[in-house]
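Asker: I'd like to ask you about the structure that follows.
The values are calculated or read from the model by the stated rules, or taken from the named source; none is laboratory data. As the structure is a computational prediction, the values presented were derived from the model and not from experiment. Using ideal geometry, Cβ is built from the backbone for each residue, glycine included, and neighbour counts are taken over all protein chains shown.
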Amino acid sequence: MTAESSPTPPTSPTLPLRERKKLRTRQTLIDTALDLFGAHGFDGVTLDGLCEAAEVSKRTFFRYFDSKEDVAMAPTQDLWAAFLDVLETCPADGRRLLALFEDALTEAIGRMPADGWAERVLASRRLAALTPSMDAHGLAFCDRTTRSALAVVERRFTLPGPDGRLHARLALDLLVVLFHRTLDAWVTQPTGHTPDDLVHRLHATAAELPSALTATAGPQV
């Protein structure tokens, strides 16, 4: 993630003019990219063509994103950047690690811009299903984010026992799996593509985890 690839809050008049312009430029790049990729396919749009349509230079593009994959996946990457921010400030109150992470992701979803974020996630995920390079980019991003989250946890929380770090990593990996299963179901459902419904599905999927961990595989009858 580049230095300026942070979550995009709603443009506020309380922000300095320079910051508002940065946010507008970044959002223009995301919206233009998703529109063009949706119309012509990921490989059918060059970086030059994207920059021309967004009316920015390639130099400006690289101030915000590292690649076409980066801009195409910005909506969900912004969510995980917000998740890391929540981890930095959430209380260390003795909750189970997975519950703490689930709550932090729920709060991160609530921080996403109300205007169009869900629609951008839908467009991004549908595009990723057709674009192998986006899947590879997503795997690398997940690994970096998990490592960053683990560093925050180790710095802020007590992890009891010799296996505390392993337990934290496993809980983070489970959260990522829960989110991807949630996102898959949310994207493919015919209606209800709202952040609130995404949160509802996340909690419902997490509730199935104890049964999944104790499920058995019997012989076919």
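Asker: Yes or no: region 149-157 includes at least one residue that is under 30 Å from D43 (Cα atoms) and not aliphatic (A, V, I, L, M).
Answerer: No: zero hits.
Asker: OK, next. Which pairs turn up if I take residues in region 191-213 that are within 21 Å of G110 (Cβ to Cβ) and look for partners that are surrounded by fewer than 18 Cβ atoms within 10 Å (Cβ to Cβ) and among the basic types (K, R) with beta carbon separation below 6 Å, at least 6 apart in sequence or on another chain?
Answerer: Cβ pairs passing all conditions: T205/R181.
Asker: Scan T146, T106 and give me the residue that is at pLDDT 95 or above, in contact with a Lys or Arg (Cβ under 8 Å, 6 or more places away or on another chain) and within 13 Å of F83 (Cα to Cα).
Answerer: T146
Asker: Next question, about the same structure. Could you list, in sequence order, all residues of region 96-115 that are surrounded by 15 or more Cβ atoms within 10 Å (Cβ to Cβ), under 15 Å from the mean Cα position of the chain (by Cα) and not acidic (D, E)?
Answerer: Of everything in region 96-115, those that are surrounded by 15 or more Cβ atoms within 10 Å (Cβ to Cβ), under 15 Å from the mean Cα position of the chain (by Cα) and not acidic (D, E) turn out to be F101, A104, L105, T106, A108, I109, R111, M112, P113.
Asker: Oh, and also: Please verify whether region 144-161 includes one or more residues that are under 14 Å from the mean Cα position of the chain (by Cα) and not hydroxyl-bearing (S, T, Y).
Answerer: Yes - at least one qualifying residue is present in region 144-161.
Asker: Based on what the data block shows, is L23 part of a helix (DSSP H, G or I), more than 21 Å from V152 (Cα to Cα) and at pLDDT below 95?
Answerer: yes
Asker: Is at least one residue of region 64-81 more than 30 Å from V152 (Cα to Cα) and small (G, A, S)?
Answerer: There is no residue in region 64-81 that is more than 30 Å from V152 (Cα to Cα) and small (G, A, S).
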